[in-house]
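The values are calculated or read from the model by the stated rules, or taken from the named source; none is laboratory data. As the structure is a prediction and not an experimental result, all values here were calculated from the model. As a convention, Cβ positions derive from the backbone with ideal geometry for all residues, glycine included, and neighbour counts pool all protein chains shown.
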Amino acid sequence: MHAPITPVDTDVQLESAFLVGIQLRDQDPSESQNLLSELKELAESLEMKVCGLELVHLREPHAQLLLGTGKADEIIRKAKNLHAKILVFDHELSPAQQRNWEKRSGLVVIDREEVILDIFARRARTREARLQIGLAQMEYSLPRLTRAWSHLSRQRGAANMRGEGESQLEVDRRLIRKRIDKFRTELLHVRAVRATQRKQRLRLPTPTAAIVGYTNAGKSSLLRALTQADVLVENKLFATLDPTTRRITFPDHSTLLVTDTVGFIRKLPHRLVEAFKATLEEAVMSTFLIHVIDASSSEALQHHETTISVLRDLGADQKNILTVFNKMDLVPDASQIAHLRNHFPHALFLSVHTGQGMDELTHRLSEMARPETIRLSLLLPHSRYDLVSQLHKLGRVYSENFTEHGIEAEARLPIRYAAAFQQFAVV
């Protein structure tokens, strides 16, 4: 498969960047500033060197540049004085606005969506994730091809090739449309395979939980601590893109399948929510959710709202949710904990790093997983070997003993399958 064409040359991403935040008329100033700080983290995830930031108060958006020409020229001067090579906007720019900015400034201009797309492209590992991000990149790039190919005349440097960029543009449009069709076809196949795998998994009695939450809240660290599994743990935004499922076995021998999912973020482009439905589907299909929040963040409440909002979009907000505040060891002020406890009286407060609260979490997870199954002591007649087979297929068999009176078995079954075995239960 050809590598996706992206509007930004990867060499540019190592250059210095000037970031522009937008505060709309009805937007809270602190929220706008926090979003700009978050954009700085995103840019640094792409190894950009952030040389300056500016938050612009916008009364009315302008069609040509989003901002007025006077403010635009002021930002361009500041960026060039700081030797910036790239302007990054924390607001969606239309293809025309992007081209207008680049023409006016002579700099590369990108928006928040393009930054997140590139991060996702770098972090995706599985075939499905790569297909999904490839499709999102193609759909984003198609209306921006004029911008992407504007460098052709400079590269070729020949007056008699003036029309070549235009013909190349048409060629590339056809190429991208073909790739979009190919991505969609391959995704249909991959999703069909996933659906089959999920159907097989749902036949099993093991309950499932999805770990959800704002990016960098410590979800992967929690999964690793709970399951002792080798899971990627990095202190950066969107370290986890592909769903990772691991099994927990509790002291009573019951089990729970736990899946880590992609981190949520405010102003996540809609096409990325669509592109990464596969990892988020684990939240929709799970028995219950584990919502992890960074207790040390001053924006913990906003992060909670962001996650709930995305879950609402997915139709998963009505599930049973266990709220977990992580990174207690990093909380600087006890009053902050008191404030969170007041808002979330049933939440757990822990630190994956120090182990504080992990035993209580394991106990709570065991309780939440248990109601989905029932443990039975059975004496099955020799004439019902079909039930023995069903028991192994549908449940977890702890012991099995063949006697002259029948087959003695200790097993755990999903409650929905237990009725067929109740008449053979031994009290």
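May I ask you to say which residue of His291, His304 is modelled with pLDDT of 75 or more and assigned to a helix (DSSP H, G or I)?
Of His291, His304, the one residue that is modelled with pLDDT of 75 or more and assigned to a helix (DSSP H, G or I) is His304.
To keep it simple, each residue is scored yes or no on (1) surrounded by fewer than 19 Cβ atoms within 10 Å (Cβ to Cβ); (2) closer than 30 Å to Tyr214 by Cβ.
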site: Glu38; (1), (2): no, yes
site: Glu41; (1), (2): yes, yes
site: Lys49; (1), (2): yes, yes
site: Glu54; (1), (2): yes, yes
site: Leu67; (1), (2): no, yes
site: His91; (1), (2): no, yes
site: Gln97; (1), (2): no, yes
site: Glu102; (1), (2): yes, no
site: Val108; (1), (2): no, yes
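Could you tell me whether any residue of the stretch 356-364 is on the phi > 0 side of the Ramachandran plot, in the same structural domain as Val258 (by TED's automatic domain parsing) and either acidic (Asp, Glu) or out of contact with any Pro (no Cβ under 8 Å at 6 or more places or on another chain) (or both)?
Yes.
Name the one entry in Arg130, Arg184, Arg191 that is at pLDDT below 80, outside any strand (DSSP E or B) and not assigned by TED's automatic domain parsing to the domain that holds Leu413.
Being at pLDDT below 80, outside any strand (DSSP E or B) and not assigned by TED's automatic domain parsing to the domain that holds Leu413 holds for just one of Arg130, Arg184, Arg191, which is Arg191.
Please enumerate the residues belonging to the stretch 1-36 that are at pLDDT 85 or above and of a type in the set (Val, Ile, Thr).
Listed by number, the residues that qualify are Val20, Ile22.
State yes or no: is Thr279 of a type in the set (S, T, N, Q), modelled with pLDDT under 85 and either surrounded by 15 or more Cβ atoms within 10 Å (Cβ to Cβ) or in a loop (DSSP other than H, G, I, E, B) (or both)?
Taking the combined requirement at face value, the residue satisfies it.
Looking only at the stretch 385-417, count every residue that is in a helix (DSSP H, G or I) and either hydrophobic (A, V, I, L, M, F, W, C) or in contact with a Cys (Cβ under 9 Å, 6 or more places away or on another chain) (or both) and tell me the total.
Residues flagged as in a helix (DSSP H, G or I) and either hydrophobic (A, V, I, L, M, F, W, C) or in contact with a Cys (Cβ under 9 Å, 6 or more places away or on another chain) (or both) within the stretch 385-417 amount to 5.
Only one residue in Leu379, Leu391, Leu301, Leu348 is surrounded by fewer than 21 Cβ atoms within 10 Å (Cβ to Cβ) and not assigned by TED's automatic domain parsing to the domain that holds Ala225. Which one?
Leu379 is the lone residue from the list that is surrounded by fewer than 21 Cβ atoms within 10 Å (Cβ to Cβ) and not assigned by TED's automatic domain parsing to the domain that holds Ala225.
If a residue counts only when it is β-branched (Val, Ile, Thr), which strands (runs of 3 or more DSSP E) contained entirely in the stretch 39-117 have at least 3 such residues?
Qualifying strands (runs of 3 or more DSSP E): 108-111.
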